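The values are calculated or read from the model by the stated rules, or taken from the named source; none is laboratory data. If you're wondering where the values come from, they're calculated on a predicted model, not measured in any experiment. For neighbour counting, all protein chains shown are included, and Cβ atoms are generated from backbone atoms with ideal geometry for every residue, glycine included.
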């Protein structure tokens, strides 16, 4: 499973055939289908989105956009600073469905998000994001699934762990340090982490660090980047960078890394 850190670093709006293997990020992702149908998996739930359907993918939720789909869709990545609005709204419950099939509501949200193409002011952009998230929340609250206090506490704890790792990834992070920080045994902490993300803590931390390194390499040397993302020695940085990206740091920037947030705008936008 891939933690796509750059999704948390850039705003993103794309039209066309959108595919994605299993990944997750702190930012909210939205999907609106305007032609064809698209199979999308959010956590353990599988949905078929048809023309006029809208889906919101919550923060840190593993998801897949069928790699074999041919649907024309609109994808938005909403910056993670807006994720708290969603998480607070569903602190003790979750939507029964992450899909809006009411064409009027779905179309309204998608159309507001398309206003971002007009490069609005920061104030207007903030209003667009808050409006769209609030619109989804108001609709989703009509049918929610209550979760136990224990489940809500563990979900909040898990979010806190991921946020802590993200904010402290340049520091020393080990199973011992993190389990002590969150007052759990090493065995329980490791088991909980593996169960939620399907990967172990060491792999996750390396993934976060390398994703951050990709951004830093544009403006920093390899030595500086290695240190800034938390590697004690250059050899370890090179090993993990190549393991994750299949390229050396310099080759990745030179040949592979483009602008992941680049927009693909069709000649004719959906109504």
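Details
- Which numbered condition residue 136 misses (of (1) in contact with a strand residue (DSSP E or B) (Cβ under 9 Å, 6 or more places away or on another chain); (2) buried (at least 16 other Cβ atoms within 10 Å of the Cβ); (3) not in a helix (DSSP H, G or I)): (3)
- Of the residues making up the stretch 160-189, those that are more than 26 Å from residue 227 (Cα to Cα) and part of a helix (DSSP H, G or I) are 186, 187, 188, 189.
- Test result for residue 153, more than 18 Å from the chain's Cα centre (by Cα), more than 15 Å from residue 88 (Cα to Cα) and exposed (fewer than 15 other Cβ atoms within 10 Å of the Cβ): no
For every residue, the table says whether it meets (1) in contact (Cβ under 8 Å) with a residue 40 or more places away in the chain; (2) in contact with a helix residue (DSSP H, G or I) (Cβ under 9 Å, 6 or more places away or on another chain); (3) in a helix (DSSP H, G or I).
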{"position": "46", "(1), (2), (3)": "no, no, no"}
{"position": "49", "(1), (2), (3)": "yes, no, no"}
{"position": "67", "(1), (2), (3)": "yes, no, no"}
{"position": "91", "(1), (2), (3)": "yes, yes, no"}
{"position": "114", "(1), (2), (3)": "yes, no, yes"}
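- Residue within the stretch 89-104 that is within 25 Å of residue 181 (Cβ to Cβ), out of contact with any strand residue (DSSP E or B) (no Cβ under 8 Å at 6 or more places or on another chain), surrounded by fewer than 18 Cβ atoms within 10 Å (Cβ to Cβ) and not assigned by TED's automatic domain parsing to the domain that holds residue 192 present: yes
- For the stretch 73-88, filtering for residues that are more than 17 Å from the chain's Cα centre (by Cα) and surrounded by 18 or more Cβ atoms within 10 Å (Cβ to Cβ) leaves 1.
- Scanning the stretch 195-206 for residues that are modelled with pLDDT under 85 and either assigned to a helix (DSSP H, G or I) or more than 15 Å from residue 62 (Cβ to Cβ) (or both) yields 195, 196, 197.
- The sole residue among 57, 48, 64 that is within 12 Å of the chain's Cα centre (by Cα), assigned by TED's automatic domain parsing to the domain that holds residue 115 and more than 20 Å from residue 137 (Cα to Cα) is 64.
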